[in-house]
Every structure is written in C-alpha cells, then in structure tokens.
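Peer 1: One structure follows; several queries about it will come next.
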Amino acid sequence: MVKIEQDHQINITFNLVFLFLTITIIIGLVSFHEFFLISHNKFTAGYITLTTMFDAIEPSNVSINIINIMNFDFFELFSVLIIDGLTKIVIIGFIMASFINLFTSINIKSRLNMLNIKKLKNHIIICGFSMLGEELSNEFKLKKIPFVIIDKDPLKIEMLNDLNYLTVLGDFTEDGILIKAGVMNTKYIVFATKHDYYNLLGLIAVKNLNKNIKVISRATDHQTIKRLEDVLIGKYIIPEEAGGTEIGKKILSMLDKPGRK
Amino acid sequence: MKTKELELKDHVIVCGYGIVGEKIVDSLKEYNIDFIVIEFDENKAEKLKKYGYNYINGDATKSKNLKDANIKNAKAIAVVMDDEAKNLFAILTARDLNKNIFIATRTNDVILRDKFVEAGANYVIMPQKIASKEIIEEILQDNVS
C-alpha cells in the first residue's frame, strides 16, 4: 500500500515536470521562431526569447527592451505579451505545483513521528492494532509506558497519528519495518494479531534482529504456543482462555467456592 | 438421545464449548460442581459425550434447550458462544426463564458489553482486556524484579 502511494506521488511529480518542460520548450521554440522572423538575427531572437522566458520578476523589462531594440507593430507586441504572460503563468504555476508537491510529499507529522521513535529506548513495540493491541495501547498510555504501534492498515495508522501515538506503517514481518520501530533498542515486543502464522513470522524476524528481546504473543491454542516456543521462548497468551478462567473464577466465587488462581 | 436425562439442581449451564467454555468447564470440574453444556456443533458434542459430561446438542438460544438443561433450578449460566448475536439472544431467553440466575458472558466489544448488561447479564468479561492486563503485569513485574 505504501509503495503504491509512493509510486503515485512519483508519478504526479514526473508528470508535472514533464508537462512544464514540454510547455517551456514549445513556448521557447515558438517565441524564438517569432523573434527570428522579426529580427532576422538568431542571436537577437535567442536573447529576446531567453529574456522573455526568465523575466518573471519585472514584467515591463521585456517590453521595454523590445521597444528599445526594434520597431514592431501591434501584432508583434501582442504576440510577445502573450508569450511573456504565458511563460509567467507557467512558471508561477510550476512553482506553486512544486510547493504543493513538496508539502504533500514531506508529510511533516510522519517525519516527526520517525524522529520521536528514533529517540526511544526500552520502549514496547505492539505489532498489530487489533482489539488486544488497542487495549494494550490504552493501558500503556495510562501508565505512561512508551510504545510504538506497527500496523499495515494506513487508515488505522492515520487515526493513531491523530491521537499522537507513535506508529510505523507497514508489515511487522519485514526487518526494515521492525528496525524503523526501534527493535534494536527495545526490550519487549508484543504480537497482538489474531493470526498465529503472522505472529510466528514476526517472531522469526525479531529473533534474527535482537537476541535479547522479550517476546509476548497472542495465540489461538496450545498447539500454536508449542510451535511459537520452538522458535523463541516467551510469554504466550490465549485471550479466550484467560476469559474462560475469569468467568470460571467468578462463578466459583458466586457458588462460595474459593476459585483458583 | 443425546441429552442426558438428569435432574440437575443448583448446577451451572455452559452455552458453547469453545476455548472459553472449555476453560469454564475445567474450573467447574475441578470443584465437582454439576454442570451441563449446550453445544450446537455435533463434533464438539461428540467430544463432550466422550468425556462423559452432561450435554445437549442444540442451540442455546432456543428456550426448549435451556428448559431441558433445567434452567429453572440452575444457579448460573455462562453464555460463551462464538456469535455475539446468539449470546445476546441466549441471555434474553435465560433471563426470561429464570429471573434469579447468575448470567456470565463474554464480548470483545465495549458497546455490546452494555447491551449484554441491559439484556440481563450479571457479569461480562472482555478477553482482550484480561489478556492485555496479563501482558502489562508481566512487563511491570519484569521491570520491578
């Protein structure tokens, strides 16, 4: 998704530059031709063309220069003004387009986000903004524990950025994304998605990047936990099982039984 | 007949034998508390039969199945099926059949939690919340030690 967006951005920039150059060259050639017809001197024609093309600061200069150099009739003046005006419109348009493009491509918030993540140490990385990820984020925020969320859904990331959470957009099974989230400087990583295979892939990636990291992962059953433990020893939780134990304890206490821990 | 003809009293009804239901059954079994499981899935019902548990192979949203589980004399019911809508329906039916029964359920949605309470549930847990607390405890304990 990110790559597609970046490609799209590059495409827009390329198209704008290409359009601008084409228009500039066409205008340049047409004006050179016109000036050559008037002056019968290719150097004069080239000089006036270039002056016309780049005189965006003082609009009257070109006209004055032309008046000083040669005699011309109304139609010639008209054509020069049109060319001059058009050139300026194109130049100003391009400058504006470049600025808009620059601001949209920089994405100041995302840059700040990355800078803040780089500063973090011993933070917690939450992989996947699932229900569990959301609960963890709320708790970490409440306890003022620094954390970074990795998720591949741009909409979720945008929403989290609006909440001033530190985020990384991308797939947490990729080394580059984990590094961006500061996997080298962290002590804990939590895999919170409901997909075991996806958590497992993340686990393998992390294992190769940081040997000392402590892994906590969600799992759907005990068989999965066994597989995950084969890769890396960590804490593995089955939320539904934790829920069942909690209900069991509550019912037992209601029936005047002590319940178990 | 899949249903065991038993005259249960002060027992617990467990609706749904998924991961949550299984864990509840483990707790009840450990303390020798009478229970009956209502499970829709035939394979799971077979499993229950194999274990020798009291069970009904049917839909817990149907009052007939709840009546068969002797809900009138039950102390508590755990409504823990995979389907939130079914859970809500089962809670309403259970409350309708027994005004004093303790109803426990689970959800993953904060909004639904309130709905379940409105429908008559006494205790609603959110597994993700419990898991997140467990994770945080683990991290905090590790940092303290």
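Coordinate-derived values only; no laboratory data. Quick caveat: nothing in here was measured; it's all calculated off a predicted structure. Every residue, glycine as well, gets a Cβ built from its backbone with ideal geometry; the counts of neighbours run over all protein chains shown.
Peer 1: Of everything in region B:119-140, what is more than 11 Å from residue A:243 (Cα to Cα), of a type in the set (A, V, I, L, M), more than 7 Å from chain A (Cβ to nearest Cβ) and in contact with a helix residue (DSSP H, G or I) (Cβ under 7 Å, 6 or more places away or on another chain)? Give them in sequence order.
Peer 2: If the condition is that a residue be more than 11 Å from residue A:243 (Cα to Cα), of a type in the set (A, V, I, L, M), more than 7 Å from chain A (Cβ to nearest Cβ) and in contact with a helix residue (DSSP H, G or I) (Cβ under 7 Å, 6 or more places away or on another chain), then B:119, B:121 are the ones that fit.
Peer 1: If the Cβ limit is 6 Å and pairs must be 6+ apart or interchain, which residue in region A:190-217 that is among the aromatic types (Phe, Trp, Tyr) pairs with which residue that is part of a helix (DSSP H, G or I)?
Peer 2: So the pair list comes out as A:191/A:199; A:191/A:202.
Peer 1: Quick test of your reading of the structure: residue A:178 fulfils all but one of (1) surrounded by fewer than 20 Cβ atoms within 10 Å (Cβ to Cβ); (2) away from chain B (no Cβ under 14 Å); (3) in contact (Cβ under 8 Å) with a residue 24 or more places away in the chain. Name the failing condition by number.
Peer 2: Here residue A:178 clears every test but (1).
Peer 1: Separate question: Among the residues that make up region B:21-43, is at least one of them in a loop (DSSP other than H, G, I, E, B) and aliphatic (A, V, I, L, M)?
Peer 2: Checked region B:21-43: at least one residue is in a loop (DSSP other than H, G, I, E, B) and aliphatic (A, V, I, L, M).
Peer 1: Any residue in region B:93-112 that is in a helix (DSSP H, G or I), in contact with a Leu (Cβ under 8 Å, 6 or more places away or on another chain) and within 13 Å of another protein chain (Cβ to nearest Cβ)?
Peer 2: Yes, region B:93-112 contains a residue that is in a helix (DSSP H, G or I), in contact with a Leu (Cβ under 8 Å, 6 or more places away or on another chain) and within 13 Å of another protein chain (Cβ to nearest Cβ).
Peer 1: Report the residue count in region A:135-153 for those that are exposed (fewer than 14 other Cβ atoms within 10 Å of the Cβ), away from chain B (no Cβ under 11 Å) and within 25 Å of the chain's Cα centre (by Cα).
Peer 2: 1
Peer 1: Which residues, taken from region B:76-90, are out of contact with any Cys (no Cβ under 9 Å at 6 or more places or on another chain), surrounded by 19 or more Cβ atoms within 10 Å (Cβ to Cβ) and within 24 Å of residue A:252 (Cβ to Cβ)?
Peer 2: The answer is B:76, and nothing else.
Peer 1: Considering each of A:157, A:124 in turn, give the residue that is out of contact with any Gly (no Cβ under 6 Å at 6 or more places or on another chain), within 14 Å of chain B (Cβ to nearest Cβ) and closer than 20 Å to residue A:194 by Cβ.
Peer 2: Answer to the check: A:124.
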